[in-house]
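The values are calculated or read from the model by the stated rules, or taken from the named source; none is laboratory data. Since the model is a prediction, treat every value here as computed from it, not as a measurement. In this analysis, Cβ positions are derived from the backbone assuming ideal geometry, glycine residues included, and neighbour counts consider all displayed protein chains.
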Amino acid sequence: MATDIVYLNGEFMPLEEARIPVLDRGFIFGDGVYEVIPVYSRHLFRLPEHLQRLQHSLDGIRLANPLTDAEWTKLAHDIVARNQGDDQSVYLQITRGVARRAHEFPGHVKPTVFMMSSPLVTPPREQVEKGVACITATDFRWLKCDIKSVSLLGNCLLKQLSVDAGAAEVVMFRDGCLTEASASNVFVVRSGVLLAPPKNHLILPGITYDVVLELAAANKIPLDVREVPEHEARTAQEIWLTSSTREVLAVTSLDGRTIGDGKPGAVFRRMHALYQDYKQTVMRRAA
Ligand code: PMP
């Protein structure tokens with residue numbers, strides 16, 4: 001297997017050689033933010049939007065952006081070029097840097113900047129055609145879920161609940177309304193209308209979420225961005241997960257109860273096709 005080449009604080013190196021000090025605030029406090037950018041045919045999908053969200057996350061933790069968008073763009077292209085495979089998943093992380101352990105921000109510390117790339121793993125055909133099972137849980141995470149923070153313990157605990165139950169994801173509710181899943185956004189379809197929880201501090205503003213909303217609007221799929229009460233989600237005809245690596249995936253059972261007729265619904269099939277077409281168009285334009 002070819003060695004992964006990663007970037008750490010100004011240098012490219014094999015993954016095995018990348019080291020950070022134990023006092024890095026990412027390790028000690030989870031004090032950092034990250035992004036995951038899918039790469040199709042060596043094209044970084046929606047990179048400007050990912051960089052915009054990165055800036056939002058950095059602003060949210062009061063950390064200055066260590067690089068310009070042009071520098072991030074060059075770095076991301078370099079990482080893709082140095083790694084194998086046309087379809088990749090680029091991960092980047094910035095932490096507040098290395099300092100003696102104290103909760104308050106350290107003065108004048110250089111942030112740690114890390115980037116790596118892995119092969120992109122999208123859902124197997126069977127999952128796309130049959131849908132996946134999900135469970136539900138109370139969303140017990142903090143109230144700044146719009147920040148793509150590396151402090152993912154809440155998301156990890158929640159995700160493990162779904163793994164323990166043999167399910168693909170955990171769909172979450174807070175105060176009686178749908179929020180998102182542990183690593184994806186959630187949409188529902190009721191009476192032919194696509195419903196999406198609004199972007200606020202309770203969910204991550206997904207890049208795929210935006211693509212789905214844009215495709216729905218452009219293709220006259222009725223759409224309503226509003227709070228989705230729990231009972232409306234549970235009795236929806238369709239439920240979808242969206243994320244950069246899952247793309248758009250149908251949920252066909254929730255807590256063991258069948259959603260719709262137990263197969264991915266008509267609106268899902270339309271959106272899935274639109275999403276694949278959109279990806280092809282973007283890649284053709286970039287070629
Ligand atoms: N919500 C959470 C909690 C996530 O972790 C993710 C993806 N990592 C998403 C939503 C989907 O975001 P995107 O479409 O940008 O991948």
Strands (runs of 3 or more DSSP E) lying entirely in the stretch 214-255 (those with 1 or more residues that are within 16 Å of the ligand (Cβ to nearest atom), touching a strand residue (DSSP E or B) at 6+ places or on another chain (Cβ under 9 Å) and among the charged types (D, E, K, R)): 247-254
Of all residues making up the stretch 248-269, the number that are at positive phi and touching a Phe, Trp or Tyr at 6+ places or on another chain (Cβ under 6 Å): 0
Single condition residue 187 does not satisfy, out of (1) over 25 Å from residue 55 (Cα atoms); (2) assigned to a helix (DSSP H, G or I); (3) of a type in the set (A, V, I, L, M, F, W, C): (2)
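Yes/no per residue for (1) at pLDDT 95 or above; (2) under 25 Å from residue 124 (Cβ atoms):
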residue: 231; (1), (2): yes, no
residue: 244; (1), (2): yes, yes
residue: 248; (1), (2): yes, yes
residue: 266; (1), (2): yes, yes
residue: 272; (1), (2): yes, yes
residue: 275; (1), (2): yes, yes
residue: 282; (1), (2): no, yes
Residue match in the stretch 187-197 (condition: within 11 Å of the ligand (Cβ to nearest atom), among the β-branched types (Val, Ile, Thr) and touching a Phe, Trp or Tyr at 6+ places or on another chain (Cβ under 9 Å)): no
Residue in the stretch 269-278 that is in the same structural domain as residue 164 (by TED's automatic domain parsing), in a loop (DSSP other than H, G, I, E, B) and surrounded by 15 or more Cβ atoms within 10 Å (Cβ to Cβ) present: no
